[in-house]
1. All but one of (1) in contact with a Phe, Trp or Tyr (Cβ under 6 Å, 6 or more places away or on another chain); (2) β-branched (V, I, T); (3) more than 30 Å from G285 (Cβ to Cβ) hold for V226; which doesn't?
2. Give me a count of the residues in the stretch 265-287 that are of a type in the set (A, V, I, L, M, F, W, C), farther than 23 Å from L60 by Cβ and in the same structural domain as R100 (by TED's automatic domain parsing).
3. Of all residues in the stretch 55-104 being in contact with a Pro (Cβ under 9 Å, 6 or more places away or on another chain) and of a type in the set (G, A, S), which is nearest to F36 (Cα to Cα)?
4. In contact with a Pro (Cβ under 9 Å, 6 or more places away or on another chain), over 22 Å from Y280 (Cβ atoms) and surrounded by fewer than 17 Cβ atoms within 10 Å (Cβ to Cβ): is that true of G157 in this structure?
5. Which numbered condition in (1) farther than 30 Å from K328 by Cβ; (2) over 21 Å from the mean Cα position of the chain (by Cα) is the only one that L60 fails?
6. Kindly establish whether R186 is outside the structural domain of A319 (by TED's automatic domain parsing) and under 30 Å from C122 (Cα atoms).
7. Can you report the number of residues in the stretch 96-110 which are at negative phi and touching a residue at least 60 places away in the same chain (Cβ under 8 Å)?
Amino acid sequence: MDFKVAVIPGDYIGPEIVEQAQKVLDHVGKKFGHSFNYVEVDMGGVSIDKHGVPLTDEALETAKSSDAVLMGSIGGRVGVDSWYQLPPHLRPEAGLLAIRKGLGLYANLRPAYLYKELNSACPLKESVAEAGFDMIIVRELTGGLYFGERKTEEIDGVMTAIDTLKYTEDEIRRIAIKGFEIAMKRRKHVISVDKANVLDSSRLWRKIVEEVAKDYPEVTLEHMLVDNCAMQLVKDPAQFDVVITENMFGDILSDEASMITGSIGMLSSASLGAGKFGLYEPSHGSAPDIAGQNKANPIATILSAAMMLRYSFDLDKEADAIEAAVQKVLEDNIRTVDIMSEGMQLVGCKEMGDCICDRI
């Protein structure tokens, strides 16, 4: 099969880690009989330098015409790069918001998986780390408090700020469907997180999720209040498979989940829209301090490419092969500097890509 992939190398370490992800994709394609055709798209700081804006209309159209988008990290060090002297709508991260909106991406997927080889890096107590965990947080990306009406004004002589939390049943239904579809590819267990004991939006959220659940009888559904979920993530993360939640709750919980894995350099992510289209990127930043030094960890980007195979292209065996190769690299005690420990073999970004290809 042939696939067209829009590639956004991004800034600083972005091009280095994306290059390794493309190398792994090409290796998988050769092994399984697929062809990945790449078209490069400027976004972020590099686009500002070339075009004066973080995302051009032409770049967005190129992304729209592809089957999926693979992205490195964008942006740079605050207070140093001139990009951050620009108005907010012209800064690198504005390009990310613009491409999400332009591509209609409403579901953010953040896996959190603890490799047993990295148990010592997990901040949780030993017995919890040894039990392991493998979850994915499905966060609604375009609604809720972050996108509701807001204003700051003086009321009765007191400055008052108002942010509006709003969800429609259609917005809830589509993210719930996405979550249940993902659960069907995993362990068929969904925990829907809300604050239904307080918020009307959460009560509607729970009602719609229960309606969607009827179409997926193989999937077990549980409800959990967000404060309890935050506690359970550090008490017993092994209980989670797929978590579905609204925008702000998902923002907070996915960051919490990322930290208990011990290394953000291992964490992939995806933003999905209707159908199979998606944008895939690592969860970490652009790391200006190590850019161009062959020190970056490409695993998060490589695992994001595996997510692309699984969720956009329905190539589950191929995605499994990449994930198994990453596992084998760790079992063989091969490490980049961010996950290095005594007795391990230290390799650079390019060498880590090569090692993963060798094990596919």
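The values are calculated or read from the model by the stated rules, or taken from the named source; none is laboratory data. All values reported here derive from a predicted model rather than from experimental measurement. Note: ideal-geometry Cβ built from the backbone for every residue, glycine included; neighbour counts use all protein chains shown.
1. Of everything listed in (1) in contact with a Phe, Trp or Tyr (Cβ under 6 Å, 6 or more places away or on another chain); (2) β-branched (V, I, T); (3) more than 30 Å from G285 (Cβ to Cβ), V226 misses just condition (3).
2. Looking only at the stretch 265-287, we keep the residues that are of a type in the set (A, V, I, L, M, F, W, C), and these are 266-267, 270, 272, 274, 277, 279, 287.
If we keep only those that are farther than 23 Å from L60 by Cβ as well, we get 266-267, 287.
Filter again for in the same structural domain as R100 (by TED's automatic domain parsing), leaving 287.
Adding up the residues that qualify gives 1.
3. G72
4. No; evaluated as a whole, the condition is false for this residue.
5. (2)
6. Working: outside the structural domain of A319 (by TED's automatic domain parsing): yes; under 30 Å from C122 (Cα atoms): yes.
Yes: the conditions hold for R186.
7. The first filter runs over the stretch 96-110 and keeps only residues at negative phi, leaving 96-103, 105-110.
Applying the additional criterion that residues be touching a residue at least 60 places away in the same chain (Cβ under 8 Å) yields 99-100, 103, 105-110.
Residues that pass the stated criteria total 9.
Here is a yes/no grid of residues against (1) in the same structural domain as S35 (by TED's automatic domain parsing); (2) at pLDDT 95 or above:
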{"residue": "T245", "(1), (2)": "no, yes"}
{"residue": "G250", "(1), (2)": "no, yes"}
{"residue": "D289", "(1), (2)": "yes, no"}
{"residue": "N294", "(1), (2)": "yes, yes"}
{"residue": "M308", "(1), (2)": "yes, yes"}
{"residue": "Y311", "(1), (2)": "yes, no"}
{"residue": "M344", "(1), (2)": "yes, no"}
{"residue": "K350", "(1), (2)": "yes, yes"}
